[in-house]
Amino acid sequence: MKIAQFSILFIALLFSNFTFSQNHLGFTLPTSNAERTQKCTYFANAFKQKPKEVQFSIVKEGNKLFFSTNDKNWFSNVFKNSGDGVAIDVVPKSIYNCDKEVSESQIKGTVLPPVFAQKLIRGFKKTPRSNRVQTFIGTIPTNLKDEELEFNILFLNNKTLCRYQRIYNLKAYAWDLLDMGVYLDSLTYKNKKITTSDRFETKYKTLKFVIPFEKNKAVYSKEDIKPLYDSLKLTDFNIKKIHIKAYSSIEGSLKRNLELQEKRANSIAKSLQSFQKPNIVTEISSSENWVEFLNDISNTKYKDLKKLSKKEIKQKVVGATSKDLEKYLKNHRKAVVILDLDKKDRYKDMSKEKLVEIFNDFVLKGFVDKALVVQNSIFDKLKEEKSPDLLNKLNVPKQLKFSPILNKNSIIKYVLDLSYAKIAYAELKKLEKIDPKNKGIKYNIVVVKFIIWRNNWEKINETDFKKQILALKNYGITKNLIDRMLVNFHIVKAEKNMRERKYEAKDESIEFIIDTYENFNLSNFDYLSLAQFLAYYANTDEATELLDEKVRTITVDEDLLYYYLNLTLIDSYAVETQNYRTIMLNAIEMNKERFCKLFNSSLNKGVTFQLLENKYLRATYCENCVKE
């Protein structure tokens with residue numbers, strides 16, 4: 001349940017020696033550092049003390065431009081003089097074409113007439129469905145209206161340019177609560193997006209593993225796959241979907257490598273299909289394994305190859321060099337295989353009506369275990385309908401003996417639809433009186449209470465709620481599960497304190513989360529969510545550090561890798577390193593189109609095309625994203 005989504009706009013401040021003046025624009029540029037210091041000290045100090053929670057950006061509506069912020073009062077206090085205000089530098093992407101030299105001038109495009117304090121502040125109006133206000137600041141020149149554009153902000157103090165800022169677009173989210181799971185027959189998680197291991201992970205009914213390839217071998221037989229199939233104990237499951245990412249070593253032609261990998265992947269899929277009758281949906285992709293190649297040669301005599309383009313490296317890795325590198329290359333030929341599984345269900349083909357009839361008969365005869373099995377089949381039907389109405393036809397006495405069934409009936413309403421959280425909560429509270437020591441019921445009560453508290457559906461005492469979470473240890477709930485709940489507790493607290501502008505209290509919750517998340521296992525999805533949460537609250541350094549090791553592996557989740565790029569592309573020091581080039585090539589091999597779109601306009605789902613001023617990013621972009 002994402003409760004908010006918007007673009008956090010990271011600001012890059014450029015301060016250089018200004019060597020010229022543009023009085024015809026209605027403001028001047030300092031001609032020296034000393035002049036800038038003299039004229040801009042107050043303004044510089046004000047921005048230095050700006051709370052990180054104060055955000056601003058440029059909004060484009062048609063050909064009109066608006067200055068937008070979430071804190072009008074802060075700018076009202078800063079823009080005190082009649083000569084304080086903003087101007088916009090309209091920058092077209094065409095100036096960064098790969099066949100052109102990039103200009104080093106400070107003003108990149110066309111500067112619009114400035115808007116000064118009185119008109120700026122008075123023009124602020126509330127924007128619909130948000131906590132932001134915006135004010136009109138200019139119109140795009142006619143000769144640029146068909147270009148892909150970005151808009152840099154010039155902040156003026158007493159009609160002097162004191163800050164020139166670019167805007168970097170980063171998608172950020174108010175973090176969803178960590179998936180705490182719910183107690184059904186055992187602890188069951190709703191999230192099935194990403195597994196937490198490179199090998200045998202079954203928590204979310206998926207399996208992920210790696211199959212190595214022999215050089216030039218393209219066919220896998222049933223006998224090759226059977227030991228793997230047996231070791232994964234798939235006799236209780238059907239494979240619903242196979243995702244195969246096949247990798248070749250980098251030597252040889254790209255076309256040949258991809259053809260070979262496609263054959264290998266199809267061979268694996270065909271072999272797995274031979275073990276079951278239901279058809280398996282298969283997704284296959286293939287690429288060259290540049291990531292592990294560049295990682296493996298880092299400390300060898302071939303390390304200087306990392307400085308070359310991919311085409312140049314291929315020209316070098318031939319003959320004796322290829323044979324010498326085979327000890328590394330042999331490990332680069334592999335397939336990462338993810339299986340989505342469905343547990344076999346003897347009741348799967350029965351109608352809802354028949355299932356209800358069988359269930360009620362088992363309950364009437366007191367066969368609780370058999371009723372629980374049928375109940376699971378009924379729940380699968382409910383997931384398809386996304387409605388808990390069928391539960392009303394299940395006749396279950398309100399007795400201790402049947403508490404496992406009653407617990408599942410109540411909590412599944414929440415699983416199917418969060419809006420049923422209050423109903424589930426009321427039912428579970430009544431059930432708690434029948435079975436007061438049942439840890440599953442206790443746990444589920446806390447889970448649904450989070451939803452009620454977060455959405456302000458009932459008044460919840462924070463102190464008492466925290467005690468209730470900690471008390472779960474008395475009923476056998478493990479520390480790592482309690483820590484997950486405590487992180488969720490502070491996620492909600494951070495949201496509430498942010499809305500009330502209690503920034504110090506919000507920061508205390510964030511510090512708790514940073515200090516605590518390592519106490520329990522995180523899936524890739526959890527890592528991504530946490531990074532988004534930290535970025536949402538302007539803790540970008542912590543978000544980057546969190547993901548730093550995860551992005552250096554070939555099996556990294558795509559969304560996680562690209563979020564890392566969004567965070568770090570603006571770091572000129574990071575992008576100069578050879579390790580960063582390896583990360584970028586990993587992203588390109590995974591999804592080249594998505595990588596190239598990072599360099600779209602910040603208003604066109606990119607980070608910013610002005611990143612192309614960096615020679616390292618420009619070289620990678622021009623090599624991979626521009627058709628010859």
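In this structure, does Glu288 turn out to be touching a residue at least 12 places away in the same chain (Cβ under 8 Å) and of a type in the set (D, E, K, R)?
For Glu288, the condition - touching a residue at least 12 places away in the same chain (Cβ under 8 Å) and of a type in the set (D, E, K, R) - is met.
Name the strands (runs of 3 or more DSSP E) wholly within region 92-205 that hold at least 1 residues that are within 30 Å of Ile491 (Cβ to Cβ) and at pLDDT below 80?
Qualifying strands (runs of 3 or more DSSP E): 160-173.
Kindly evaluate Thr37 against the criterion of being in contact with a Lys or Arg (Cβ under 9 Å, 6 or more places away or on another chain) and either of a type outside the set (Ser, Thr, Tyr) or outside the structural domain of Leu617 (by TED's automatic domain parsing) (or both).
no
Counting only residues that are touching a Gly at 6+ places or on another chain (Cβ under 7 Å) and hydrophobic (A, V, I, L, M, F, W, C), how many does region 49-105 have?
Going through region 49-105 one residue at a time, the tally reaches 5.
Within the bounds of region 552-569, is there any residue that is under 23 Å from Asp99 (Cα atoms) and out of contact with any Pro (no Cβ under 9 Å at 6 or more places or on another chain)?
yes
Does Ser248 satisfy being modelled with pLDDT of 70 or more and buried (at least 18 other Cβ atoms within 10 Å of the Cβ)?
Taking the combined requirement at face value, the residue satisfies it.
I need the full set of residues from region 54-68 which are closer than 25 Å to Tyr503 by Cα and aliphatic (A, V, I, L, M), in order please.
Matches in region 54-68: Val54, Ile58.
Would you say Glu292 is surrounded by fewer than 22 Cβ atoms within 10 Å (Cβ to Cβ), acidic (Asp, Glu) and part of a loop (DSSP other than H, G, I, E, B)?
No.
From Lys370, Lys381, Lys429, which residue is touching a helix residue (DSSP H, G or I) at 6+ places or on another chain (Cβ under 7 Å), touching a residue at least 24 places away in the same chain (Cβ under 8 Å) and charged (D, E, K, R)?
Of the residues listed, the single one that is touching a helix residue (DSSP H, G or I) at 6+ places or on another chain (Cβ under 7 Å), touching a residue at least 24 places away in the same chain (Cβ under 8 Å) and charged (D, E, K, R) is Lys381.
Evaluate region 2-21: report whether one residue or more is in a loop (DSSP other than H, G, I, E, B) and modelled with pLDDT of 85 or more.
no
The values are calculated or read from the model by the stated rules, or taken from the named source; none is laboratory data. These numbers come from a predicted model, not from an experiment. Quick reminder, even Gly has a Cβ in these numbers, built from the backbone with ideal geometry, and neighbours come from all protein chains shown.
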